Every structure is written in C-alpha cells, then in structure tokens.
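**Q** Supplied in structure tokens, the structure appears directly below.
The values are calculated or read from the model by the stated rules, or taken from the named source; none is laboratory data. Not measured: the values here are computed from a predicted model. Methodologically, a virtual Cβ is constructed for each residue, glycine included, from the backbone with ideal geometry; neighbour enumeration extends over all protein chains shown. For accessibility, only protein heavy atoms count, side chains too; no ligands or nucleic acids. Shrake-Rupley method; radii C 1.70, N 1.55, O 1.52, S 1.80 Å.
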Amino acid sequence: MSEQKDILLRVEDLRAYYTSKRGTVKAVQDVSFHIRHGETVGLFGESGAGKTSVALSILGIFDQVSRYYASMASDKEHKELWQLRDEARNKGLTSEDMGVTLPGVEGHIWFKGEDLVGMDEEEYRKIRGYDITYIPQGTRKAMNPYTPIDLQTAESLIIHDEDNLLPERYILRRVLEVLDLVELADVDTRKKQKPGQFSQGEDQRILIAMALITNPDLLIMDEPTTAVDVGVQRRILEAIDLVKKNLDIGILLISNDQGVIAEMSDRVAVMTGGRIVEFGDAERVLKHPGHPFTRAFVMSNPTMEIMRRIREKGLVLRGIPGEPPDMADPPSGCVFHPRCDYCIDICKEKVPEYREVDDDYWIFCHRYEELPEF
Ligand SMILES: Nc1ncnc2c1ncn2[C@@H]1O[C@H](COP(=O)(O)OP(=O)(O)OP(=O)(O)O)[C@@H](O)[C@H]1O
Ligand code: SF4
Ligand SMILES: [Mg+2]
C-alpha cells in the first residue's frame, strides 16, 4: 500500500488560537502528525499542552468553542478579531495574508482526501459523529440521564439517517452488536435501563459503544480513564482493547497517563506548549525518548524500566522543573527552553524545526543529535 493510501488522517501545520482576556492563547502551533488506517496514535502530554484543542480542531468545533467563550467576555476587540476570521475564511485567506494574528484554526486536516479546515458546516455535520466520532473529556456529562441506553446508543445512527432509510430492526440489531462488542453484561435485559443504573466503568463502555454505532473510520477518545479508580480503568482499557482487536478503526487516544498510552498506542505524539515535540513508534518514544521534554516527562512519573535506566545512568529522579508555558505569552525560540537542561543560546532565539530524524520518527529540538543516549 502506498504511504498516502495507508493514511487515514493527516494533520499538517495545524494552529488553533483562542481569544482570551489575556490576549491570544496559542493553544496549538504548527502541529503535524498522521494516523494510519486501523492504528492507535496516543497524544500524550502535560495538562494545558493543547491536546483537547487538537481534538476540537479535527472535529471542526474549535472555532465555535473559542468563539463562545469570547462572546461571554463580550469584548469588542474579540468580536472584531472573530469578524476578521470570518472574512479571511470567506476569502480563503490566512492570518499571514491578512497581516493579523487571527483566532481559530488554520493549516490542514486531511481526512479521506478532503481538507476539513474551512469545510462548510453542513458538510462537516455529515462527517462529525459519523465518520469521526468523539468521546469527550469528563465522560458522564456526555450521557443523558433520562434516556434508556439503547436509544442513546442509537442516536448518531438516527441523526445521520436523514431520509429514514434504515429499518428499525437494523438499528436495534446494531445497538446490540456494539453493546456486545464492548462486553456490557446482560445487554438484553439491561438495554432499557438509564445511565444512573450502570457503574462508572459500564458508562464508559456504553459511551464507547455509542461512538462505534456508525462504524466510524476514526474514534477520538479524550482522557478516557481520568478520574476513575484503578479497577474501572482496567475495565475501560479492556473495552478499548476489544475495539482495537475487532474493528479496523483509527484511534486518537488522548491522555497524560503514561501507562494508558504505553498499553494502547501503536505510535505516540508527545505534546507540550502547543507543539508536538516527538512523534514515532510507541516503544521508542516511551522507552528511549529522544526529546528532552519526553525524557523529563517520563521521568516525572517513571515506569520500573525507566527507574532502572535512571539508576544505571546515574540520573536524578525528579519532576519537570518550573511551570508549563503560558500559551498567552509563550517563550521565545523553543517552547521548552525555560525548563530544559540542555538549553543553549540558539534555543532561546530560534524555533526548532519539526523534522523527521529517522524513518517515521519526528523531533522538535535543535540539539537532538548531540544529546546523551537515554
Ligand atoms: N476556551 C478557552 N479559551 C481560552 N483559552 C483556553 C480555552 N480552552 C483552553 N484554553 C487554553 O489553551 C491551552 C490548551 O488547552 P487544552 O485544553 O487543549 O490542553 P490539554 O492538553 O487538553 O490539557 P488537559 O490535559 O488539562 O486536558 C491551555 O493553555 C488552556 O488554558
Ligand atoms: S531545542 Fe534546546 S531548549 Fe528545546 S528541547 Fe532542544 S535542547 Fe532543549
Ligand atoms: Mg484536555
């Protein structure tokens, strides 16, 4: 299969900026990565790195979310910036063409041969929730407490069946199929129950089933195991594993939990300060990270193997020093420079290139070749 045919989603030079009281928040900057058919890519990074913003951009709702918060602030300057954004969008122009730093999404998100950036909302609606589905961060809020789970599970299928072409029998059979796939116990007797009657782990399984009903090509899961106890986490991971084994689906798995990312991902993209700083095979990225941020991040919550490596190499076990960058006022040059042990003058002045330093392996660092082995 050629490289292009193999690729389900290609994100290219994506930027996504919010407007806020403190000015423009550069949540995503020049982000590029891709997901192949049937593979799971882990988007891994600290809180505030921009992971959810990448997901919202792929789903084509970043501008709406950002605009909504800006409208609450009812600030004249924000309104003008968003008007300019609309004008630029209508004319097919970028911030650079307009000579202004505009809020919203720019760049390219190629999905099945089409660029989703700037796509008309009516067209996007056919893709969102159908070909690309999403389980948001903070799961339970996504469920309606009053609707039985079989109807909730069927919802996306019904919404996208605008001409009522699908027979009811087919829809009900699909509901049972996806609830079975995630191994929800006693589906036949419990399908009429409401979300409050299920455990937290079961709720998450139902959400996964809901996201699978349309047989999507891409499933985005945002922190599926955050704020649950270890037993529930295990059951959620088992459900994700069943999806991976049984369906030929691309998954973007967002998490700041190294264990979850390591267990589920084929490849990993590491994010800090709105940038992907390392992207490649999961084993390589997590066991022998090449980027100073990834090294510091895995050492701040180490696995047994990393602990041993730290001991063997005489390194010091510690968290990442300092604070994550303020994306309303990001550092000059390399976004990690104020916290990096290897920082030299060029790092403060020049933004590193995001480059493919090895086959299928990308790094965002001026000094990658000079760093000690890890
Ligand atoms: N509606 C908003 N308006 C302005 N800034 C925002 C908004 N939402 C998020 N941000 C900022 O954008 C940056 C990226 O946020 P994002 O939620 O994408 O990070 P994240 O990696 O998903 O973090 P977490 O792991 O905490 O979920 C952060 O600096 C955050 O404070
Ligand atoms: S570019 Fe410089 S500051 Fe940034 S990660 Fe590499 S060595 Fe550290
Ligand atoms: Mg998030």
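**Q** Working only within segment 246-265, note down all residues that are part of a loop (DSSP other than H, G, I, E, B), over 15 Å from the mean Cα position of the chain (by Cα) and charged (D, E, K, R).
**A** Once the filter is applied, which keeps residues that are part of a loop (DSSP other than H, G, I, E, B), over 15 Å from the mean Cα position of the chain (by Cα) and charged (D, E, K, R), segment 246-265 yields only Asp248.
**Q** While we're here: Please enumerate the residues belonging to segment 1-42 that are of a type in the set (Phe, Trp, Tyr) and open to solvent by 10 Å² or more (accessible area, probe 1.4 Å).
**A** Tyr17, Tyr18
**Q** Among the candidates Glu323, Glu369, single out the residue that is away from ligand 3 (no atom under 16 Å from the Cβ), among the charged types (D, E, K, R) and within 14 Å of Phe293 (Cβ to Cβ).
**A** Unique residue meeting the criteria: Glu323.
**Q** Next question, about the same structure. Which one is farthest from Asp217 (Cα to Cα) among residues in segment 236-261 that are among the hydrophobic types (A, V, I, L, M, F, W, C) and surrounded by fewer than 19 Cβ atoms within 10 Å (Cβ to Cβ)?
**A** It comes out as Leu237.
**Q** Any idea which residue in segment 197-220 is farthest from Pro136 (Cα to Cα), counting only those that are among the small types (Gly, Ala, Ser) and modelled with pLDDT of 90 or more?
**A** Checked segment 197-220; the qualifying residue farthest from Pro136 (Cα to Cα) is Ala209.
**Q** Could I ask something else about it? Working carefully through the options Ser47, Ser32, Ser53, find the one that is touching a Phe, Trp or Tyr at 6+ places or on another chain (Cβ under 9 Å), within 27 Å of Pro292 (Cα to Cα) and either within 16 Å of ligand 3 (Cβ to nearest atom) or of a type outside the set (Gly, Ala, Ser) (or both).
**A** One residue alone meets the criteria, Ser53.
**Q** Residues that are under 22 Å from Lys26 (Cα atoms), part of a loop (DSSP other than H, G, I, E, B), touching a residue at least 40 places away in the same chain (Cβ under 8 Å) and in contact with a strand residue (DSSP E or B) (Cβ under 9 Å, 6 or more places away or on another chain): does segment 135-143 have at least one?
**A** Within segment 135-143, one or more residues are under 22 Å from Lys26 (Cα atoms), part of a loop (DSSP other than H, G, I, E, B), touching a residue at least 40 places away in the same chain (Cβ under 8 Å) and in contact with a strand residue (DSSP E or B) (Cβ under 9 Å, 6 or more places away or on another chain).
**Q** Give the residues of segment 324-374 that are of a type in the set (Val, Ile, Thr), within 16 Å of ligand 1 (Cβ to nearest atom) and touching a helix residue (DSSP H, G or I) at 6+ places or on another chain (Cβ under 7 Å), sorted by residue number.
**A** Those that are of a type in the set (Val, Ile, Thr), within 16 Å of ligand 1 (Cβ to nearest atom) and touching a helix residue (DSSP H, G or I) at 6+ places or on another chain (Cβ under 7 Å): none in segment 324-374.
**Q** Return the total of residues in segment 23-49 being within 25 Å of Leu212 (Cα to Cα) and touching a residue at least 60 places away in the same chain (Cβ under 8 Å).
**A** Selection size over segment 23-49: 11.
**Q** Within the set of pairs 6 or more residues apart or between chains, which connect a residue that is under 20 Å from Asp30 (Cβ atoms) inside segment 71-95 to a residue that is at pLDDT below 90 and of a type outside the set (A, V, I, L, M) with Cβ atoms less than 7 Å apart?
**A** Going by the 7 Å Cβ cut-off, the qualifying pairs are Arg89/Gly118.
**Q** Also, quick follow-up: Of (1) touching a Phe, Trp or Tyr at 6+ places or on another chain (Cβ under 8 Å); (2) modelled with pLDDT under 90, Ala227 satisfies all except one. Which?
**A** It is condition (1) that Ala227 fails.
**Q** Determine which member of the set Asp358, Asp266 is within 30 Å of Ile251 (Cα to Cα), in contact with a Gly (Cβ under 8 Å, 6 or more places away or on another chain) and not polar (S, T, N, Q).
**A** After applying the criteria, what remains is Asp358.
**Q** Select the strands (runs of 3 or more DSSP E) contained entirely in segment 266-374, then report the ones holding at least 3 residues which are surrounded by 19 or more Cβ atoms within 10 Å (Cβ to Cβ).
**A** 267-272, 275-281, 361-364
**Q** Here is a check on your reading of the model: is Val316 at negative phi, within 16 Å of ligand 1 (Cβ to nearest atom) and among the β-branched types (Val, Ile, Thr)?
**A** No, not satisfied.
**Q** Specify the residue that is farthest from ligand 2 (Cβ to nearest atom); the eligible residues are those in segment 43-52 that are under 19 Å from Phe111 (Cβ atoms) and open to solvent by 10 Å² or more (accessible area, probe 1.4 Å).
**A** The selected residue is Thr52.
**Q** Could you list, in sequence order, the residues of segment 160-195 that are assigned to a helix (DSSP H, G or I), open to solvent by less than 100 Å² (accessible area, probe 1.4 Å) and farther than 18 Å from Arg235 by Cβ?
**A** Of everything in segment 160-195, those that are assigned to a helix (DSSP H, G or I), open to solvent by less than 100 Å² (accessible area, probe 1.4 Å) and farther than 18 Å from Arg235 by Cβ turn out to be His160, Tyr170, Ile171, Leu172, Arg174, Val175, Leu176, Glu177.
**Q** Go through segment 35-89 and count every residue that is more than 16 Å from ligand 1 (Cβ to nearest atom) and touching a Gly at 6+ places or on another chain (Cβ under 8 Å).
**A** Looking only at that region, the number is 7.
**Q** Further question on the same structure: Which of (1) acidic (Asp, Glu); (2) away from ligand 1 (no atom under 16 Å from the Cβ); (3) crowded, with 20+ Cβ neighbours inside 10 Å is the odd one out, the single condition Asp222 does not satisfy?
**A** Every condition holds for Asp222 apart from (2).
**Q** Mind telling me which of the residues Tyr124, Tyr134 ends up being under 16 Å from Ala55 (Cβ atoms), among the aromatic types (Phe, Trp, Tyr) and open to solvent by less than 40 Å² (accessible area, probe 1.4 Å)?
**A** Checking each option against the conditions leaves just Tyr124.
**Q** Now for a separate question. Filter segment 204-233 for residues that are polar (S, T, N, Q) and either touching a residue at least 40 places away in the same chain (Cβ under 8 Å) or not in a loop (DSSP other than H, G, I, E, B) (or both) and give the result.
**A** Gln204, Thr214, Thr226, Gln233, listed by residue number.
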